[in-house]
Amino acid sequence: MLRKQLGDLDLAGWQSVLDRHPMIFVGMQPGSRIGLMSKDDFDPPTATMVVWEATETAMRAKYEPFPGFDQVKIDLLFIADDATICRVHDGTNPTPFAEIKAKVRRRDILLYVVKPRQQLLDWGYEEFLDSLGLVFMGACR
């Protein structure tokens, strides 16, 4: 069960993932928030998610409870199995975002877009989503 494992995955490890890959978040506005949680720990309000939040200087990792979709204060939510979450957190994994990209495309990671498209554009998500190979703007810009 990830809830116990998620607690075992230290925030320093999550922060290291974010600090090693700052270019993937270029353009994201302060306050932009991405959640990641286990599909095996999806019962609000006891579910836990790691949140990556943009600040003025960098992305910051923290844990928060998942209150349910109607109350969650994030923009995007990735839901993955425990093994995938541990692999993304693993400091020896040189390409955690390439792994996320591949697993989203294979639907091994589910991506929920919580905020409206225009808000995501305004908050600078276009490059992040493009880096994951997700067509966000379509053919006409």
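Here, each number is a calculation from the coordinates, and none is a lab measurement. This structure is a prediction, so every number in the text was calculated from the model and none was measured. Don't worry about glycine lacking a Cβ; one is built from the backbone with ideal geometry, like all the others, and counts go over all protein chains shown.
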Using alpha carbons only, how many degrees (0 to 90, rounded to 10) separate the axis of helix 96-105 from the longest principal axis of the chain? 80 degrees
Each label point is 7 Å from the Cα along the Cα-to-Cβ direction; what then is the distance between the points at residue 126 and residue 12, in nm? 3.9 nm
Which one of 66, 109, 54 has its Cα pushed farthest toward the positive end of the charge dipole of the chain, where Lys and Arg give +1 and Asp and Glu give -1 at the Cβ? 109
Please give the helix 11-20 orientation as an angle from the longest Cα principal axis of the chain, in degrees from 0 to 90, rounded to the nearest 10. 30 degrees
Ranked highest first by average number of other Cβ atoms within 10 Å, how do 49-61, 87-99 line up? 49-61, 87-99
Cα→Cβ-extended label distance, 7 Å offset, between residue 63 and residue 119, nm: 2.7 nm
To the nearest 20 Debye, how big is the dipole of the chain about its Cα centre, given +1 on the beta carbon of each Lys and Arg and -1 on that of each Asp and Glu? 320 debye
